[in-house]
Amino acid sequence: MTTLIDTYIDTWNETDADARRVLIDKAWVADGACYRDPQLEADGLEGLGDMIATVQAHYPGHVMRRTSGVDVHRDVARFGWELVAPDGEVFVAGIDVATLAEDGRIRTITGFFGELPELD
């Protein structure tokens, strides 16, 4: 599972569209691929590639990295991540929750930014 999630993270760092598509195909299922976070959404493998290219254009030189182990049960995985600027400053961090397809690849990712909210 760690290898799968690291391949997913690698898609965010790959600037060559063709190489990025190879990584997307390795990590995601073609049927029903869906990404959602507070600011972005994408459907389908092409949509995922386009979304990542847009983020890279807005934040050139930034690098995505995993910041936690991968916690898995049944068909769900979660892990921490951060987007780091070229100067080493963390631009944004959060967690992603993935649902997995029967073949073990990613079907959906739901991303959350920042720390968990405090109790009311």
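Overview of values
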read-out	value
Distance from segment 9-29 to segment 70-120 (C-alpha centre basis), Å	17 Å
For segment 68-81, Karplus couplings with θ = phi - 60° (6.51, -1.76, 1.60), whole Hz, Gly/Pro x	8, x, 9, 9, 10, 8, 6, 10, 10, 10, 9, 6, x, 8
Local electrostatic count, Asp31, Cβ distance below 13 Å [Lys/Arg +1, Asp/Glu -1]	-2
DSSP H segments from the chain that extend 18 Å or more along their own axis, Cα-based, with Kyte-Doolittle mean of 0.0 or above	44-58
Placed amide H near Trp28: partners under 5 Å, 5+ positions off or other chain	Ile106
Label corresponding to mean projected area of the Cα convex hull in nm² when calculated from the structure given, among [x] 7.9; [y] 7.3; [z] 16.4	[x]
Low-density loop cleavage sites - trypsin sites (Lys or Arg not before Pro) in segment 45-96, where at most 13 other Cβ are within 10 Å (DSSP)	Arg74
Charge dipole magnitude, Cβ of K and R +1, D and E -1 - the chain, Cα centre, debye nearest 20	240 debye
³J(HN,Hα), Karplus 6.51/-1.76/1.60, whole Hz, each residue of segment 85-102, x for Gly, Pro	6, x, 7, x, 6, 6, 7, 7, 9, x, 10, 10, 10, 10, 9, 10, 7, 4
Accessible surface, per residue, of segment 10-120 when the full set of protein chains is kept, probe 1.4 Å, Å²	61 Å²
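The values are calculated or read from the model by the stated rules, or taken from the named source; none is laboratory data. Quick caveat: nothing in here was measured; it's all calculated off a predicted structure. Heads up, the Cβs are rebuilt from the backbone with ideal geometry, glycines too, and the neighbour counts pull from every protein chain shown. Quick note on the areas: whole protein, heavy atoms, side chains included, nothing else; ligands and nucleic acids left out. Shrake-Rupley method; radii C 1.70, N 1.55, O 1.52, S 1.80 Å.
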